[in-house]
Amino acid sequence: MAKITFNNRNNLFFQSLKKSVDDYFRSKHLAKTGNWQLYTKASILIPSAICIYIFLLVFHLPVVISLLLCGLFGLTLASIGFNVMHDACHGSFSSKKWVNYLLGLSLNAIGGNAFFWKQKHNILHHTYTNIDGADDDIAQGKMLRQTPAQRWMPIHRYQHIYLTLAYAMTLFMWVSIGDFQKYFSKRIHYTALQPMDRSEHIMFWASKVFYGVVYVLIPILFVGPIAWLIGYITMGVITGVVISYVFQLAHAVEGPEFDSVGLDDKIIETEWAVHQVKTTANFSPKSKIICWLVGGLNFQVEHHLFPRISHIHYPALSRIVQEHCQRFNLPYHCFPNLRTAVLSHVRTMKKMGQKA
């Protein structure tokens with residue numbers, strides 16, 4: 001990948017913002033990591049997923065009830081990813097590194113790989129947000145065109161129609177293909193993968209075996225192959241759709257900007273923090289239910305500016321960020337509710353689907 005550099009020589013915005021945020025935590029006598037609210041969520045979500053899983057295996061329920069529980073299981077797994085894994089992999093769940101590492105492995109438990117995620121998401125996405133050729137989160141395959149710089153194909157004219165169907169495949173592609181591509185190619189998109197030590201190789205294969213046993217073998221033994229397949233597809237579709245929409249509503253909507261990088265090095269003529277503000281959007285800031293379920297990822301502007309601060313604090317920090325954006329004449333992209341954000345995403349994908 002070409003080298004991308006931000007012009008941070010005049011980073012007055014972030015210096016001022018960081019000082020105000022630090023003052024907030026100091027005046028409130030708060031730690032920047034998680035607190036009892038986050039620990040309570042983890043203690044609800046993880047046991048809930050385990051209980052639903054066991055319940056589906058042990059009890060013979062009516063088909064409709066079983067499908068609803070499979071869907072709820074998928075939603076719970078997505079919420080564990082948003083709340084527990086996401087904070088842990090960013091190092092913000094706890095001040096103890098071993099706690100963050102252990103809870104970060106919740107991603108491995110639901111099919112992914114924490115080692116890959118930390119490079120794909122924490123480094124590439126959070127550093128080079130919405131820069132095509134560097135940000136792997138906007139490289140969703142040839143079926144979806146998410147930026148003006150990506151190659152157009154005639155099928156993209158209809159991508160706003162089959163969008164949800166494509167997102168429904170996210171978890172299946174991630175678990176069965178995506179991680180293996182990264183492992184064997186030793187690359188994430190155009191970027192070389194950091195070397196894996198022996199423990200990470202063992203963890204990768206152990207996690208994949210665990211997934212096959214827990215999500216495939218055991219359910220087939222208990223309920224049979226047909227019932228398992230229907231339930232597994234239901235769970236996977238819900239997880240994939242929820243995860244995809246939540247993350248895409250932060251960047252692939254009206255307002256946030258896109259950039260691109262090719263083979264040559266590139267200099268972004270703004271400071272890193274300003275780039276984050278210009279390429280990111282929030283949604284549903286007043287909905288406590290959505291904030292609880294998506295782990296504060298409806299406050300993506302705050303998250304991109306302060307990824308090592310737990311999402312528990314983002315609603316309070318949003319007022320500070322908004323004030324600074326106004327003071328420095330910067331945009332603060334925010335959709336009032338989920339509906340307007342989803343519609344904006346669909347319109348954006350429809351626009352990207354048109355031939356330039």
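Structure data summary
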item: Contour excess over end-to-end distance, with Cα ends at ASP23 and LYS118 and 0.36 nm allotted per residue; result: 31.3 nm
item: LEU102 paired with ILE50, simple spin-label distance in nm, labels 7 Å along Cα-to-beta-carbon; result: 1.2 nm
item: By accessible area with a 1.4 Å probe, ligands and nucleic acids excluded, highest first: order of PHE204, PHE258; result: PHE258, PHE204
item: Rounded percent of accessible protein surface that carbon and sulfur make up, the chain, 1.4 Å probe; result: 66 percent
item: Spatial separation of Cα centroids for region 115-167 and region 307-333, in angstrom; result: 25 Å
item: Region 338-356 residues near the modelled ILE161 label - backbone nitrogen below 20 Å, point 7 Å along Cα→Cβ; result: 343-356
item: Extension gain, HIS60 back to ILE202 (0.36 nm per residue minus Cα-Cα distance, nm); result: 47.5 nm
item: Heavy-atom SASA rank of ARG187, ARG327 (probe 1.4 Å, accessible area, largest first); result: ARG327, ARG187
item: Accessible area in the full protein assembly, largest first, 1.4 Å probe, for LEU103, LEU144; result: LEU103, LEU144
item: Heavy atoms of THR5: accessible area, 1.4 Å probe, square angstrom to 10; result: 60 Å²
item: Axial C-alpha extent at least 27 Å, average Kyte-Doolittle at least 0.5 - helices from the chain (DSSP); result: 36-58, 225-248
item: Pair TYR39, ILE320: separation of 7 Å Cα→Cβ label points (nm); result: 2.3 nm
item: Segment TRP292-GLN181, extension gain: residue separation times 0.36 nm, minus the distance between their alpha carbons; result: 36.7 nm
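The values are calculated or read from the model by the stated rules, or taken from the named source; none is laboratory data. Predicted, not measured: the structure shown is a model, and the values here were computed from it. Quick reminder, even Gly has a Cβ in these numbers, built from the backbone with ideal geometry, and neighbours come from all protein chains shown. Calculation scope for accessible area: heavy atoms of the full protein, side chains included, ligands and nucleic acids excluded. Shrake-Rupley method; radii C 1.70, N 1.55, O 1.52, S 1.80 Å.
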